[in-house]
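Okay, structure first, notes after.
Read-outs: derived from the displayed coordinates by stated rules, not from any lab. From a predicted model like this one, the values you see are computed outputs, not experimental measurements. Every residue, glycine as well, gets a Cβ built from its backbone with ideal geometry; the counts of neighbours run over all protein chains shown.
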Amino acid sequence: MSDDTHHLPAPAQLQPGLVRRCFTALGLLVFNIFLIIPTLVVAAMLFSLYCMSIIVFVIGIAVTSSSLAGVNQLVLDGPVRQVILQNDPSLSDEPEKHRRRLRIEIQSSGLQISPEPDESDDVASHAIVSIGRDDGASDSRAKGVFKGCGFIFGGIALVLLSMVITRFTWIGFKRYLRMNLNLLRTPE
């Protein structure tokens, strides 16, 4: 053999880092698929906490304003018809014919729900829900304001709690993402 012979390069072989990276990516893919369901559950619970805090806050505003005004009855007029009459089987043929008024009374014995008789066709054209309380106490105005303020402060506390939980959830997500990216890196 002479010195002027050419050496052919060896056939390309897979680098061990590339094989390791492919197996790591496959393992992370399987692991992350199993973590999708708990992640969705946490996101749904966080979303419901935000919704609940807004609802509690709005209830507090309604209770406080009605108590300050000296009103013991709230009338909700509008698209409540779909909520109340949705499961009524008699509405399948003519929904406009069966609209009615509904009275909800909050008494010491509990909640009492009863339909009100319709006075005229004009009144029946809207779904009306009346929510009232029959305390009979002279200091119910102060109690209502106190309860309403409690609902408002409770709603604010729930918003703050959900913001803190969102912050820690986001920090945990970023750490988890960094961990996944660190596992995919190959040591050089």
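Estimated from the Cβ-Cβ distance and a Förster radius of 45 angstrom, the FRET efficiency linking residue 46 and residue 18 is about 0.70. Taking a point 7 Å from the Cα of residue 168 along the Cα-to-Cβ direction, the residues of the stretch 19-46 with backbone N closer than 19 Å to it are 38-46. This ranking places 30, 42, 159, 19 by how few other beta-carbon atoms lie within 10 Å of each, fewest first, which gives 30, 19, 42, 159.
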